[in-house]
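Read through the structure below, which is laid out as structure tokens, and then see the notes.
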Amino acid sequence: MTNKTDQLTPRRRPSQERSRERVERILDATAALLGDDMPADQITTAAIAEEAGVPIGSVYQYFPNKLAVLAEMGCSECHSPPLFESETFANRNVAQDEGNIDEGRAEVTGRAEDLGKFRTPTLRNIFDTKPYFHNGSAKRLEDAVRHELDQSGIAFTEEDVRLIELFISKALRDDSRMAARPKNVPSGLPTPLDGPIFPGR
């Protein structure tokens, strides 16, 4: 029987350079569709294949469905699908606030190796839970993404930061359990869905 996690992981990993390039094209195409403000639930494997310029069979050769493609774009080593979280505790080298020392899991276990370790949170709807990290030191999602990329030790660009932030904000957004929102505020203006009406406030 296939479980939900199997449906959110790649079918196979590319081993040859040509195959790796094809998978990169599939992931880049998915990022481009998200960048066009297409809601994640409207993205299809056919649209991904068309954007990538590959046969749809190539998408299914590596991914069982579009959710697996979206999951592959995330930080799935720690934030594991389907909830994009895990029961692990990690030290991400977040600077302590002056006068507000939090030793993390070590306060419970008393072990030195647990100093600064905190439970891995879910990335689902994280766009709506700022500020970020245990002490709120990252005020914006892009700051948290940039910090995590710094911790990875892998070279990255600001475009990488933008695409990851876009993935988290759009593909990992789940409004199914959100309270019903009115179409308009009392003044008659439309209720904003993706942030403030006036940018910068």
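The values are calculated or read from the model by the stated rules, or taken from the named source; none is laboratory data. The shown structure was predicted, so the numbers you read here are calculated from the model rather than taken from an experiment. Cβ sites come from the backbone with ideal geometry, for glycine too, and all protein chains shown count toward neighbours.
May I ask you to verify whether GLU50 is assigned to a helix (DSSP H, G or I), modelled with pLDDT of 85 or more and either in contact with a strand residue (DSSP E or B) (Cβ under 8 Å, 6 or more places away or on another chain) or outside the structural domain of SER19 (by TED's automatic domain parsing) (or both)?
On the way: assigned to a helix (DSSP H, G or I): yes; modelled with pLDDT of 85 or more: yes; either in contact with a strand residue (DSSP E or B) (Cβ under 8 Å, 6 or more places away or on another chain) or outside the structural domain of SER19 (by TED's automatic domain parsing) (or both): no.
Spelling it out, it is not the case that GLU50 is assigned to a helix (DSSP H, G or I), modelled with pLDDT of 85 or more and either in contact with a strand residue (DSSP E or B) (Cβ under 8 Å, 6 or more places away or on another chain) or outside the structural domain of SER19 (by TED's automatic domain parsing) (or both).
Can you report the number of residues in region 1-47 which are at pLDDT 70 or above, surrounded by fewer than 12 Cβ atoms within 10 Å (Cβ to Cβ) and assigned to a helix (DSSP H, G or I)?
5
Restricting to region 53-91, name every residue that is crowded, with 17+ Cβ neighbours inside 10 Å, assigned to a loop (DSSP other than H, G, I, E, B) and modelled with pLDDT of 75 or more.
VAL54, PHE63, PRO64
In this structure, is GLU159 exposed (fewer than 14 other Cβ atoms within 10 Å of the Cβ), outside any loop (DSSP other than H, G, I, E, B) and modelled with pLDDT of 85 or more?
Details: exposed (fewer than 14 other Cβ atoms within 10 Å of the Cβ): yes; outside any loop (DSSP other than H, G, I, E, B): yes; modelled with pLDDT of 85 or more: no.
No.
Hey, among the residues in region 113-136 that are among the aliphatic types (A, V, I, L, M) and under 14 Å from the mean Cα position of the chain (by Cα), which one's modelled with the lowest pLDDT?
LEU123
Name the residues in region 165-174 that are without any contact (Cβ under 8 Å) to a residue 60 or more places away in the chain and not in a loop (DSSP other than H, G, I, E, B), would you?
Those that are without any contact (Cβ under 8 Å) to a residue 60 or more places away in the chain and not in a loop (DSSP other than H, G, I, E, B): GLU165, SER169.
Would you please name the residue that is nearest to ASP150 (Cα to Cα), looking only at residues in region 92-134 that are small (Gly, Ala, Ser) and not in a loop (DSSP other than H, G, I, E, B)?
Checked region 92-134; the qualifying residue nearest to ASP150 (Cα to Cα) is GLY104.
Taking the conditions exactly as written (surrounded by 14 or more Cβ atoms within 10 Å (Cβ to Cβ), at pLDDT 85 or above and under 27 Å from ILE101 (Cβ atoms)), does ARG140 satisfy them or not?
So ARG140 fails the test.
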